[in-house]
Every structure is written in C-alpha cells, then in structure tokens.
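One structure below.
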Amino acid sequence: YVNRFNCYYRLAPTSPQATAWPSRTARCEPESISFMLGAGPLVTMGDLVTFGETMLRLSPPGDVRLETADQYDVRAAGAESNVAVTAQRLGLDATWTSKRPDSPVARRVTGELRQHGVTVDAVWGDSGRQGTFYLETGEPPRGNNVIYDRANAAVTTATPAELPVSRIEDATGFH
C-alpha cells in the first residue's frame with residue numbers, strides 16, 4: 001500500500017539481524033523512514049548524504065545502434081545519485097555531494113537531481129570534465145552495450161578538504 005502518508009515495502013535483508021525477507025517491511029512517514037527488522041527494534045533513519053560521480057547518460061532511442069543514431073536521450077545516472085533520489089522519494093532528506101566542472105553539462109546533471117528533490121552540495125572547479133557514458137539497449141540475441149567516457153572527470157580531483165564534512169558527520173547515513 002502506498003500513499004502520501006504511509007507506504008509499505010518489502011526489502012531484502014541487508015544485515016545479519018534481519019529475519020527472512022518476507023517478514024521484513026519498511027514503513028515511511030513524511031519525516032522519516034523506519035525499518036522494522038522482523039520482530040526486532042524499530043530503527044529510524046534521518047537524512048542521507050551520498051558522494052560520487054554522476055555521469056551524463058546518452059542513449060539512442062529504442063533499439064537504435066550507437067553508430068547509426070542521430071539523436072540521444074539524455075539522463076543523469078550514477079549509483080550515488082540513484083540512492084539519493086530513491087531515498088528522497090521514500091521520504092528521507094537526501095543530499096548528493098560531488099566535485100563538478102563548471103560547465104553546462106555538469107549543471108544539467110545537478111539540475112536533474114534537484115528536480116527529484118535532492119539537495120545538491122557540489123564543489124565547482126575549473127579542472128576536469130563531466131563524465132559521460134553511452135548506453136545502447138539491445139534485444140536478444142544482441143545485448144546491451146555500455147561505453148564509459150569518464151577519464152579526467154572533475155570528481156577524481158576531489159580532496160577531503162573540499163567535501164561538506166559537517167554535513168556528512170551530521171547525517172544519519174552516508175553512501
């Protein structure tokens with residue numbers, strides 16, 4: 001059952017304390033998400049901070065091959081930003097942190113995350129570039145094809161001094 005005030009999900013166990021997965025449920029409320037681990041204690045999670053590179057994904061529509069495509073769908077994609085967007089949708093206050101090049105394509109990525117309600121706390125630099133990848137989907141027998149273009153990405157030059165340390169320390173979760 002899912003609505004604005006209550007939503008229940010089944011989650012695979014991620015810790016030794018979790019019981020068999022059909023008995024593990026999560027309940028979310030406007031202010032927090034609470035995880036019930038079987039009959040164990042209720043644990044409330046506060047805000048979540050993630051750090052990582054989110055790339056710009058370029059995909060030809062449908063089954064079009066990369067080498068014949070004349071248009072591409074553009075999306076932000078990355079493990080840490082996916083976690084932040086999902087947490088935000090489940091009711092957590094999620095912040096995504098990274099180091100970004102000061103460029104229109106990097107602002108495209110951060111703008112998409114903000115559209116999902118994620119707070120962006122990025123360091124903007126003059127060096128490095130926005131990483132991209134190309135995803136070509138294929139139907140069997142041809143599989144998907146992914147080509148990464150992330151050399152010299154700005155996030156690879158991030159230092160601990162550039163990160164929002166107090167935000168990370170104050171968060172309940174970090175990914």
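Average projection, convex hull of the Cα set of the stretch 49-107: 5.3 square nanometres.
Computed from the Kirkwood radius of its Cα pairs, the Stokes-Einstein diffusion coefficient for the stretch 83-167 at 37 °C and 0.692 mPa s stands at 225 µm²/s. Nonpolar atom fraction for the stretch 81-175, defined as the carbon and sulfur part of the 1.4 Å probe accessible area, stands at 50 percent.
The values are calculated or read from the model by the stated rules, or taken from the named source; none is laboratory data. If you're wondering where the values come from, they're calculated on a predicted model, not measured in any experiment. Keep in mind that these areas ignore ligands, DNA and RNA; they rest on the heavy atoms of the full protein, side chains included. Shrake-Rupley method; radii C 1.70, N 1.55, O 1.52, S 1.80 Å.
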